[in-house]
Amino acid sequence: MNIKELNQKYAIPRHIEFIRGKGGLPTAIIINGLASSEVCLYGAHVLKYQPKDQKDVLWMSDKSFFEEGKPIRGGIPVCFPWFGPHAKDSNKPQHGFARLLTWTVLETSVLPEGSTQLRLGLEDSPATKDLWPFSFKAEMTISVGESLDVMLSYSNTGNETFVVSDALHSYFNISDVENIGIEGLTGITYYNGFEKEATGKQTEPVLLIQQEENRRYVNHSSECLIEDAGFMRNIHVAKTGSKVTVVWNPWENAKNIADIPDEGYKTMICVEAVNAYDNVATVAPGKSFSVSTSIRVE
Ligand code: TA6
């Protein structure tokens, strides 16, 4: 569907319209009385979320590619049907293919409290079957209001059980990495980067980011709070259907990442709702699974 057709079928005055956004990619622009947001159909990628009278909540890289075949850097990348490198074939795309394909619009609506909801869909195709041989239907439901609520659901439409790891890989916009602390992870065991064993255990009540971090906390389902003294706000990051929380900041290693400015690590922190390690989703034929995150500022 082209932009004109998308608008004819799915635009809602004073809520949502579709434009050709950065790189010419089809993008939903959402503005309502509570917040504004942008969602790129390429990757079902939330690019922006800004509650009324607030600064942007999501970080977006000034150096991001907006180009088919390359992931967008910032916002909320959707990692599916695997998180991280492919377990057996390093030629397959990191974090799966969902963030590298254009999703279709299924529905737009206005919720009773004035939020705008957008539902996007993706299903198996010859291209996905080349990378992952299963039949599936995935949906992203994105609600923009006083909170940003994002849910990834997927169902098995084939005859064989499949196993998925996934993530809603949220990047948050912060005043300065030195001004923030993350609460909610005390006592939780974590893998450090790509270590084979979970050897870390957080003892500190508040996690400060003072170096490169790639912590993968396991058996963790509850909310995290990003306290930002510089922006004088707290970001609540809640989730359902996820038992792994990843905290990532590349620190000065950002210099080696083409689409992050050298100093970009200072104003971003990833706190991600993940399923990985022992907490993957096993989905039998006809069954489905959902992971969601809810982001709110106070
Ligand atoms: O979630 C953390 C992580 O898996 C890191 O290991 C880091 O590679 C990051 O995601 C970004 O991955 P990307 O493929 O988007 O460069």
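Residues of the stretch 27-50 that are surrounded by fewer than 21 Cβ atoms within 10 Å (Cβ to Cβ) and either under 18 Å from the mean Cα position of the chain (by Cα) or of a type in the set (Phe, Trp, Tyr) (or both): 29, 36, 50. With respect to (1) away from the ligand (no atom under 15 Å from the Cβ); (2) more than 15 Å from residue 118 (Cβ to Cβ); (3) crowded, with 17+ Cβ neighbours inside 10 Å; (4) not polar (S, T, N, Q), the lone exception for residue 71 is condition (1). Scanning the stretch 52-101 for residues that are farther than 26 Å from residue 173 by Cβ, without any contact (Cβ under 8 Å) to a residue 24 or more places away in the chain and of a type outside the set (Gly, Ala, Ser) yields 85, 86, 88, 89, 91. Would you confirm whether any residue within the stretch 55-69 is at pLDDT below 95 and assigned to a loop (DSSP other than H, G, I, E, B)? Within the stretch 55-69, none of the residues are at pLDDT below 95 and assigned to a loop (DSSP other than H, G, I, E, B). Only a single criterion out of (1) within 23 Å of residue 74 (Cβ to Cβ); (2) surrounded by fewer than 19 Cβ atoms within 10 Å (Cβ to Cβ); (3) not hydrophobic (A, V, I, L, M, F, W, C) is not satisfied by residue 205, namely (1).
The residues in the stretch 210-223 that are surrounded by 21 or more Cβ atoms within 10 Å (Cβ to Cβ) and either more than 13 Å from the ligand (Cβ to nearest atom) or small (Gly, Ala, Ser) (or both) can be counted, and the count is 1.
Does residue 19 qualify as being more than 16 Å from the ligand (Cβ to nearest atom), in contact with an Asp or Glu (Cβ under 7 Å, 6 or more places away or on another chain) and among the hydrophobic types (A, V, I, L, M, F, W, C)? So residue 19 fails the test.
Taking the criterion of being modelled with pLDDT of 95 or more, hydrophobic (A, V, I, L, M, F, W, C) and over 28 Å from residue 60 (Cα atoms), the only residue of the stretch 168-199 that qualifies is 188.
The requirement of being away from the ligand (no atom under 14 Å from the Cβ), within 17 Å of residue 58 (Cβ to Cβ) and either β-branched (Val, Ile, Thr) or at pLDDT 95 or above (or both) is satisfied by residue 226. Take residue 66 and tell me if it is crowded, with 17+ Cβ neighbours inside 10 Å and under 18 Å from residue 140 (Cβ atoms). So residue 66 fails the test. Screening the candidates 239, 243 for the property of being within 24 Å of residue 45 (Cα to Cα), under 14 Å from the mean Cα position of the chain (by Cα) and not polar (S, T, N, Q) yields one hit, 239.
The values are calculated or read from the model by the stated rules, or taken from the named source; none is laboratory data. As the structure is a computational prediction, the values presented were derived from the model and not from experiment. Ideal geometry is used to build each Cβ from the backbone, glycine not excepted, and the neighbour counts take in all protein chains shown.
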